[in-house]
């Protein structure tokens, strides 16, 4: 089996990957919080860990990939009003919180499908594991690393740090943590500002609440991943992934909870992808500078000069190393579009391919270089650079039949299989139409939402933008329909 190297955040080193159980890999990735449409920043971890999932399977491992859905609504403080985010959206839209969850979970799944992100092996929801979270809190209390205060349970960070190392993942000290702690409602219940909630008492107006030994409430954010990772992958598993912004406090708190409740950190390889930025600033909902995936696919955001296909977006993400920042611009996406199309043209030029063939040393060396790059800490930009060396050979027209057949099989396995790229122009009468149907479904849902909110200007803007592309929208009693002129 070809060796795989991953940068382990815990050690700060690139390490040779050695699974706990030979031939089997357990991988957990922090999934989305479902209170709004997925944006470009969500696409990066989706694509990054999809490629890692695909690569591990290509290398011969049997992988159990767990990606959670955060649906409890326990992101306690909205940046503006200090209100639970899912509950806030449910109140504003006069919905049950789980209606909000279901709606945006389906939209997230559709966006990931368009990006050709494979479904995980298991996709648990935080709300389905309240009992397990309560049991874990009991264990942390019994170990002496938590305390009750006014119906809430908090993790005692200072006491834990005396016995262990709170900061082992992020490298932060308690003093640095204290400096970065915001003053939030309910902190008077804590012994120290950096203590974090394991269970929060539900105020009378809080919609999402569950009974517990400490009264009605809801679990803290950090707890869900510790619990679900252990349930589906065991108390120790191989890989835990997520965005770099989750390293602290989320993943740091996970480690502390794991040690306090079961005596082990639980994870052998911590892998973190970096952020997508706009003009050097992190893209995110809280900053208001995000572009949703439906906007990106439809070209409807003011920062966009055109629409970009899902495969262009996927290729754009793969052009940067997962641990490096990726800065958004129309120019970068347009360059990605050209590169993606060039790669697809070469793939088509290789023909159908029939039997396996022994390639020439030159072609074999190129194929090895691509795989070596992918196995070197998932270095997709170097792998793509080597693929374009192969494109030059294809376009040169001097490949032998054996080299052509070998490259065709290699492109099928690696470009289509590991990198997860699809040829959007192949089978235009079928695949392209299916993709267009999916994109239009997202666009019309966004327009429907605007109309329900009586945002007529936004509804008209979407209709007029579609009309400029030759797509007419007609409103009927059964809903909106569209037609490509």
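Output the peptides 460-473, 381-394 sorted from most to least packed, where packing is the average of other Cβ atoms within 10 Å over each peptide's residues. Mind showing how you got there, number by number?
Numbers: 460-473: 14.7, 381-394: 18.1.
Ranking, from highest mean packing down: 381-394, 460-473.
Among 49, 308, which comes first, second and so on when ranked by fewest other beta-carbon atoms within 10 Å?
Details: 49 27, 308 23.
If I rank by nearby Cβ atoms, fewest first, I get 308, 49.
Looking at the chain, send over the antiparallel percent of its DSSP beta bridges, to the nearest 5. If you can, show how the numbers build up before the last one.
Numbers: 25 of 47 bridges.
Expressed as a percentage, antiparallel bridges in the chain total about 55.
Given an 8 Å cut-off on Cα distances and at least 6 residues of separation, report the relative contact order of the chain as a percent.
On the way: 721 pairs, mean separation 77.7, N = 485.
Taking the mean separation of contacting Cα pairs over the length of the chain, I get 16 percent.
What shape does region 8-273 take by its C-alpha gyration tensor, where a ≥ b ≥ c are the square roots of the eigenvalues and a/c under 1.5 counts as rounded, a/b above b/c as prolate, and the rest as oblate? Numbers along the way, then the final one.
Values: a/c = 1.72, a/b = 1.16, b/c = 1.48.
Oblate shape, in that a/c is at least 1.5 and b/c is the bigger or equal ratio.
What does the extension gain come out to for residue 345 and residue 400, with contour length at 0.36 nm per residue minus their alpha carbon separation? Kindly include the intermediate steps, with their values, before the conclusion.
Numbers: separation 55, 0.36 × 55 = 19.80 nm, distance 1.84 nm.
That works out to 18.0 nm of additional length.
I'd like the orientation of helix 456-468 relative to the chain: the angle between its Cα long axis and the longest Cα principal axis, in ° from 0 to 90, rounded to 10.
Around 20 degrees separate the two axes.
Can you tell me the 0 to 90 degree angle between the C-alpha axis of helix 401-410 and the longest principal axis of the chain, rounded to 10?
20
So how tilted is helix 361-375 from the main axis of the chain? Cα-based, degrees 0 to 90, rounded to 10.
The angle comes out at about 10 degrees.
So what does the Cα-only Debye profile of region 277-418 read at q = 0.10, 0.13 Å⁻¹, as log10 I(q)/I(0), no solvent term?
-0.41, -0.64
Evaluate E = 1/(1 + (r/R0)^6) for residue 448 and residue 304, where r is the Cβ-Cβ distance and R0 equals 25 Å; express this FRET efficiency to the nearest 0.05. Spell out each step's value before the answer.
Working: r = 21 Å, r/R0 = 0.85.
The computed FRET efficiency comes out at 0.70.
Cut-off 15 Å, label point 7 angstrom out along Cα-to-Cβ of residue 2: give me the residues of region 32-65 whose amide nitrogen falls inside.
51-61
222 nm [θ] for the chain, helices only, -39500 (n - 2.57) per DSSP H run of 4+, per residue, to 500?
Values: 16 runs with 204 residues, N = 485.
Using -39500 (n - 2.57) per qualifying helix, the result is -13500 deg cm²/dmol.
If each residue of separation counts as 0.36 nm, what is the full-extension length gain between residue 281 and residue 16 once their alpha-carbon separation is subtracted?
Details: separation 265, 0.36 × 265 = 95.40 nm, distance 3.31 nm.
Contour length minus the Cα-Cα distance gives 92.1 nm.
Put a dot 7 Å past each Cα toward the Cβ at residue 388 and residue 57; how far apart are the dots in nm?
Each label point lies 7 Å from its Cα, and together they span 2.9 nm.
Please check which bits of region 46-74 a label hung off residue 24 would reach, taking the label as a point 7 Å along Cα-to-C-beta and the cut-off as backbone N under 15 Å.
61-66, by backbone N distance to the label point.
Need one number: nm distance between label points at residue 175 and residue 376, each 7 Å from Cα along Cα→Cβ, rounded to one decimal.
Distance between label points: 4.0 nm.
Provide 482, 199 in ascending order of the number of other Cβ atoms located within 10 Å of each residue's Cβ, fewest first. Display every interim value, and only then the final one.
Working: 482 17, 199 26.
The most exposed by this proxy come first: 482, 199.
Give, in nm to one decimal, the length gained when the segment between residue 106 and residue 425 is fully stretched (0.36 nm per residue of separation minus the Cα-Cα distance). Working shown, then result.
Values: separation 319, 0.36 × 319 = 114.84 nm, distance 2.62 nm.
Using 0.36 nm per residue and subtracting the Cα-Cα distance, I get 112.2 nm.
Using all alpha carbons of region 335-412, what is the percent of pairwise distances in each 10 Å bin, ordered from the shortest bin to the longest?
Answer for region 335-412: a P(r) of 19, 53, 26, 2 percent.
Restricting to region 8-273, compute how many DSSP beta bridges are antiparallel as a %, nearest 5. If you can, show how the numbers build up before the last one.
Working: 13 of 31 bridges.
Taking every DSSP beta bridge within region 8-273, about 40 percent pair in antiparallel fashion.
Where a number appears in this text, it was derived from the coordinates with a stated rule and is not lab data. What you see is a predicted model; the values in this text were computed from it and never measured. Neighbour counts are summed over all protein chains in view; Cβ atoms, including those assigned to glycine, are modelled from backbone coordinates with ideal geometry.
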